[in-house]
Amino acid sequence: MGPGPSDVAPRVLAALSRPTIGHLDPLFVSLMDDIKLLLQYAFQTKNELTLPVSAPGSAGMEACFVNLLSPGDTAIVCQNGVFGGRMRENVERCGATAIMVEDDWGKPVDPEKVERALRDHPEASVLAFVHAETSTGTRSDAATLCKLAREHDALVIMDTVTSLGGIELKVDEWGADAVYSGSQKCLSCVPGISPVTFSPRAVERIQARKHKVQSWFLDMQLVMGYWGGDSKRAYHHTAPVNTLYALHETLVMLEEEGLENAITRHHRNHKALVAGLEAMGLRMAVDEAWRLPQLNSVCIPEGVDDAGVRTRLLRDFDLEIGAGLGALAGKTWRIGLMGHASRERNVILCLNALETALQADHQKVDSGAALQAAADFYASSIS
Ligand SMILES: Cc1ncc(COP(=O)(O)O)c(C=O)c1O
């Protein structure tokens, strides 16, 4: 129950162990076609250029920046946590200029600041932001940010590593142009794959490039030849065949459950967890309106031994929760309820284990209050 990788379902692990076949085998090519369709469903898009990059979320991030930016370009980058900082790194390594829009860690990206930056920098060709900041557990208003970018004729690069499959994400309706995610969060697949999707506007921008993309491996014009629409596929790299079996299985599971139901499940378990944590006397770090149900940031009370509590959870309960990152190190815990791990039994396990660990740390916690609050919530909400 950390910030990812999340628990992988036995069905997905079983898929991983199927016999490895050739990556140009007609059977594998038809699996690739299925994966594309299932990813289009998960991203809620009709984008033709939708595929899993054969590397982790950071490679999806890099793929978006290196394909959309050229030396001399300007991008507006929003930062309200760790990952906005990585976006800046990507922009600068493309030889472009990053105009930073900064917000406090634990707060959403402020659309007014973004609008001001877009107005002050009409030369900006890209607006980049993180939909779900894993470092803080904060959601930003992606629909509004995309709308602002459109009004100022900028393309949107959006990080959905932690949002895909966990909260509402509507790539086409919102008008996001280059969107990347990761396999190991709310999709609950093994780590190492980054689903990406590019809008027709983004593809036009890529095709009109005058500079070669600096990365051969992530050059979408080349990758398209392997993942492209027709049945003729050219070798580009050897796809991670078994990992893609696993991705396929997780996406089939998502389709079986239904995206809406998966989102509702994440919300319900989050509410129960929060009810329990608050009954224990703990405080959430993010305002209710912007909390991520899949990544719950909890303030560590004064005087509590942060590392000691986490070590006890791991040692005595086999339970991993995340430490705070960057500016929030030592100040928050990050409790993941992602994908397959977003289950009632995990909520109960976590509340029980945390109560025991806090009591062992000599904190005053009412025995049983958290479990009662979570149980009351579950009883009052229809699953
Ligand atoms: C919001 C966000 N972006 C990007 C990444 C990088 O993904 P990866 O670690 O799979 O390279 C992460 C990883 O946790 C993330 O949470």
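Considering only segment 181-195, state which residues are open to solvent by 10 Å² or more (accessible area, probe 1.4 Å) and within 9 Å of the ligand (Cβ to nearest atom).
Gln184, Lys185, Pro191, Gly192
Give me a count of the residues in segment 50-76 that are closer than 23 Å to Ala124 by Cβ and more than 16 Å from the ligand (Cβ to nearest atom).
Within segment 50-76, residues that are closer than 23 Å to Ala124 by Cβ and more than 16 Å from the ligand (Cβ to nearest atom) number 10.
Could you go through segment 151-171 and let me know if any residue there is crowded, with 24+ Cβ neighbours inside 10 Å, within 17 Å of the chain's Cα centre (by Cα), over 25 Å from Thr50 (Cβ atoms) and not aromatic (Phe, Trp, Tyr).
No; the residues of segment 151-171 include none that is crowded, with 24+ Cβ neighbours inside 10 Å, within 17 Å of the chain's Cα centre (by Cα), over 25 Å from Thr50 (Cβ atoms) and not aromatic (Phe, Trp, Tyr).
If Ala370 passes every condition in (1) in a loop (DSSP other than H, G, I, E, B); (2) under 26 Å from Thr138 (Cβ atoms) but one, which one does it miss?
It fails just one condition, (1).
Which is within 21 Å of Ala375 (Cα to Cα), open to solvent by less than 10 Å² (accessible area, probe 1.4 Å) and part of a helix (DSSP H, G or I), of Leu313, Leu273?
The conditions single out Leu273.
Looking at segment 336-368, which of its residues are more than 25 Å from the chain's Cα centre (by Cα) and open to solvent by less than 10 Å² (accessible area, probe 1.4 Å)?
Across segment 336-368, the qualifying residues are Ala353, Leu354, Ala357, Leu358.
For segment 1-28: of the residues being open to solvent by 60 Å² or more (accessible area, probe 1.4 Å) and in contact (Cβ under 8 Å) with a residue 40 or more places away in the chain, which is nearest to the chain's Cα centre (by Cα)?
Going through the qualifying residues, I end up with Pro5.
If a residue must be among the hydroxyl-bearing types (Ser, Thr, Tyr) and closer than 30 Å to Thr311 by Cα, how many such residues does segment 1-21 contain?
Of the residues in that region, 1 qualify.
Looking for whichever is away from the ligand (no atom under 16 Å from the Cβ), under 18 Å from Asp287 (Cα atoms) and not aromatic (Phe, Trp, Tyr) here; the options are Asp104, Asp120. Which one fits?
Checking each option against the conditions leaves just Asp104.
Of Val203, Val241, which residue is among the β-branched types (Val, Ile, Thr) and within 19 Å of Asp34 (Cα to Cα)?
The conditions single out Val241.
The values are calculated or read from the model by the stated rules, or taken from the named source; none is laboratory data. Bear in mind that the values here come from a model prediction, so they are computed numbers and not experimental data. Because the Cβ atoms are built from the backbone with ideal geometry, glycine has one as well, and the counts that use them run over all protein chains shown. Calculation scope for accessible area: heavy atoms of the full protein, side chains included, ligands and nucleic acids excluded. Shrake-Rupley method; radii C 1.70, N 1.55, O 1.52, S 1.80 Å.
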